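Notes for the one structure printed next.
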Amino acid sequence: MSRKYKVLVVDDSTAMRMLIKASLQDSEFDVVAEAGDGGEAVQSFKVSAPDLVLLDIVMPVMGGVEALGQIMAQDKNAVVIMVSSLGTEDAVREALKTGAKNFLQKPVEQESLLKILRNTVDLFMGR
Amino acid sequence: MGAKFIGQFLLEKELITREALLAATEQQLRVNLTLGALAVAKGFLSEAQADAINLEQQRSDKRFGEIAIARSMLNSQQLDELLLAQKAQRVFLGEILIQQGHISREKFEAELVLFNQEQERSAELVKVNLHSLPQYGVIEDFLDMTLKILLRVAKEQVKITSVGYTALQCAYTFAQRVKGDQQFDYVLALPENMVRILCQNFLRIDCAVVNELALDAIGEVVNIISGSGCAKLSARGKEATLDPPRVISGAAPANAVCIGMSSIEADFEVRFYF
Ligand SMILES: [Mg+2]
């Protein structure tokens with residue numbers, strides 16, 4: 001494993017963040033920060049400067065798509081993968097249009113999460 | 001009331017006692033070995049390997065054999081041998097009840113026929129009642145996802161037992177607002193033990209009491225069901241979006257559509273508040 005990638009995990013559900021962290025344990029992806037809503041995510045993105053963001057959509061206060069817009073405004077090269085239960089055409093289109101690099105519909109299984117992270121790294125971060 | 005399995009059916013008819021049913025199901029667990037245990041017994045796998053496969057199995061939809069072959073821990077010949085052995089040693093609950101002298105073979109066989117008839121009748125009735133609901137389309141999509149997601153994330157085999165407008169008394173009620181072309185709350189009403197079991201299976205941790213984390217976990221399960229339901233609506237050209245899930249209390253509204261559900265563990269309800 002050549003390097004570790006810093007990951008920010010954003011989800012309003014503590015349980016879901018636990019599951020994602022458990023899935024990434026012992027992989028090349030290191031969860032360096034967590035956030036529970038969109039506002040926190042934007043703040044945490046500034047502070048933790050992650051290589052990748054896993055971003056939920058359905059969250060209280062500020063939803064994921066709005067947070068995505070603010071993150072992309074901070075850093076137009078941000079690599080954000082949406083991880084959401086909401087697998088509607090509108091949600092996917094909206095997220096990709098706003099700058100998300102990829103979209104994973106919940107439930108999240110370890111295998112598919114690692115696969116989408118690795119694909120995204122290959123495509124956008126030229127490892 | 002849809003009978004869950006033959007043991008429950010016999011118990012409800014007072015043909016066997018609770019103790020007899022418990023003893024028989026325990027015996028069944030003892031004698032019916034899992035593929036992992038059989039593989040260890042035959043020396044095909046180490047215990048650590050079997051555990052690793054079981055763990056992965058809990059996290060995915062895959063079967064034990066599929067994982068073992070993908071990981072080159074078993075070859076297909078060994079798997080065939082294990083499956084045959086499992087089939088050969090498999091003992092059904094009825095057989096154990098008969099052997100343990102809780103019911104005669106003649107009586108059991110007669111009851112099994114009645115049980116199968118009742119199962120068919122109640123499945124038919126549920127289907128007819130569901131179709132007669134005015135919001136059938138949406139309800140069908142969300143019920144379908146409820147069954148699939150509960151099986152996928154919480155390994156819980158569930159079936160629909162009733163359709164109606166009366167709400168069951170449940171300890172915990174989770175709701176999520178669906179908005180768009182149609183607005184309603186998708187609601188999951190669960191007794192306490194079901195919250196703990198779902199949490200345990202979803203997070204793969206011990207859940208002895210219902211705490212914040214358990215409620216959060218079930219909220220997320222509801223969110224995954226609703227999100228998948230919305231995806232189905234979207235595939236049919238409808239717009240749908242979600243508010244975050246929440247825990248609610250109080251009685252169900254009068255116009256709530258209540259779908260009775262049943263798993264081995266408990267009875268619970270899926271409701272739609274239009
Ligand atoms: Mg969420």
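The values are calculated or read from the model by the stated rules, or taken from the named source; none is laboratory data. Just so we're clear, the structure is a prediction, and the values are computed from it rather than from any experiment. No Cβ is skipped: glycine too gets one built from the backbone with ideal geometry, and neighbour counts run over all protein chains shown. Heavy atoms of the whole protein, side chains included, go into the accessibility calculation; ligands, DNA and RNA do not. Shrake-Rupley method; radii C 1.70, N 1.55, O 1.52, S 1.80 Å.
Worth pointing out:
- Lysines with Cα under 18 Å of A:LYS6, excluding same-chain neighbours fewer than 8 positions away: A:LYS21, A:LYS46, A:LYS76, A:LYS101, A:LYS115
- Convex hull projection area averaged over all views, the stretch B:178-274, Cα basis, nm²: 6.8 nm²
- Integer Hz, Karplus 6.51/-1.76/1.60 couplings in order for the stretch B:100-110, x for Gly and Pro: 7, x, 7, 7, 7, 4, 4, 4, 4, 5, 5
- P(r) histogram, all alpha-carbon pairs of the stretch B:125-169 included - 10 Å bins from 0, percent: 25, 50, 25, 1
- Spatial separation of Cα centroids for the stretch B:220-259 and the stretch A:1-31, in angstrom: 28 Å
- Set of aspartates and glutamates near B:LYS127 by C-alpha distance (under 18 Å), chain-local residues within fewer than 8 positions excluded: B:GLU118, B:GLU140, B:ASP141, B:ASP144, B:GLU269
- Estimated Rh, the stretch B:62-140: Kirkwood, alpha-carbon pairs, angstrom: 17.0 Å
- Extension gain (nm, one decimal) between B:THR166 and B:ALA254, 0.36 nm per residue minus Cα-Cα: 30.8 nm
- Rg/Rh (Cα only; Kirkwood hydrodynamic radius) as it applies to chain A: 0.92
- Percent of Cα pairs in the stretch B:1-123 per distance bin of 10 Å, from zero to the largest separation: 12, 32, 25, 24, 7.
- The string of couplings for the stretch B:235-242 from the Karplus curve (6.51, -1.76, 1.60, θ = phi - 60°) is 5, 9, x, 9, 8, 7, 9, 10 Hz, one whole number per residue in order, with x for Gly and Pro.
- Translational diffusion coefficient of the protein assembly as shown (Stokes-Einstein, Kirkwood radius from Cα pairs, 4 °C, 1.567 mPa s): 55 µm²/s.
- Seen from all directions on average, the stretch B:224-274 presents a Cα convex hull projection of 4.9 nm².
- Sequence-distant residues sharing a close amide H with B:PHE184 (under 5 Å, placed H): B:VAL178
- Whole-Å distance, taken between Cα centres, linking the stretch B:164-193 and the stretch A:35-82: 30 Å
- Comparing B:ALA37, B:MET73, B:LEU22 along the charge dipole axis of the stretch B:12-73, the residue lying farthest to the positive side is B:MET73, per the Cβ-charge model.
- Interface area, chains B and A: about 2000 Å² of buried accessible surface, summed, with a 1.4 Å probe and ligands, DNA and RNA left out.
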